[in-house]
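Please treat every number below as a calculation from the coordinates, not as lab data. Remember, predicted model here, so these are calculated numbers, not experimental data. In this analysis, Cβ positions are derived from the backbone assuming ideal geometry, glycine residues included, and neighbour counts consider all displayed protein chains.
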Amino acid sequence: MSALRSRLVSLGSRLRASLRSPAVVTFVALFALTAGLFGATFQTQLAVAESDTIEASLTELAVSDDGEALEITVRARNPTDKTLTLSSAQLVGRVDGEELTHYGTRSLSGIELSPGEATTFSVSVELVDGETEAARTAVEEGRVSVGGELVGHIEDVRITLGVSNGE
């Protein structure tokens, strides 16, 4: 029994000495760092893969008070596990196939959607010259179709979301 105890003490002593060696400490540190980085990268890639579950829908349309723009209210929801930062919107409004607004990129000033969060924001799109009254009538009658995309990022990965009012 004492020989077994002696061997266990000796083994414990050698194990502690081995764990203190610079090579083992370096290996354990590098392994932990690699595992941590892999985990973070994997979570980002998983969120990007799930980006098709991010929802964006138009909730309201109105002509601005000055008659210069179509005000488009968008509701977006982020069901992924990473924050989505929306940076721009590229939307165009049409009536009966004819452009009612100019198509262009509008900055969204970095709208952030935390995991599981939803938010509502407005995008102002410039009306084509002389279309103010036609736009007001078309909005009142529900004949304006809007389509385009929102552009954002999950960490460093670019995400685009199609958005339309389905008309």
Once both label points are put 7 Å beyond Cα along the C-beta direction, the Ser10-Arg77 separation in nm becomes 6.8
Order of 102-114, 69-81, 152-164 by packing, highest average Cβ count within 10 Å first?
69-81, 152-164, 102-114
Net charge (Lys, Arg +1; Asp, Glu -1) of residues whose beta-carbon lies under 15 Å from that of Tyr103, Tyr103 excluded, is -4
If you add up the charges near Leu113, with Lys and Arg at +1 and Asp and Glu at -1, over every other residue whose beta carbon is less than 11 angstrom from its beta carbon, what do you get?
0
Per the rule of 0.36 nm per residue minus the C-alpha distance, extending Ala118 to Glu55 adds in nm 21.8 nm
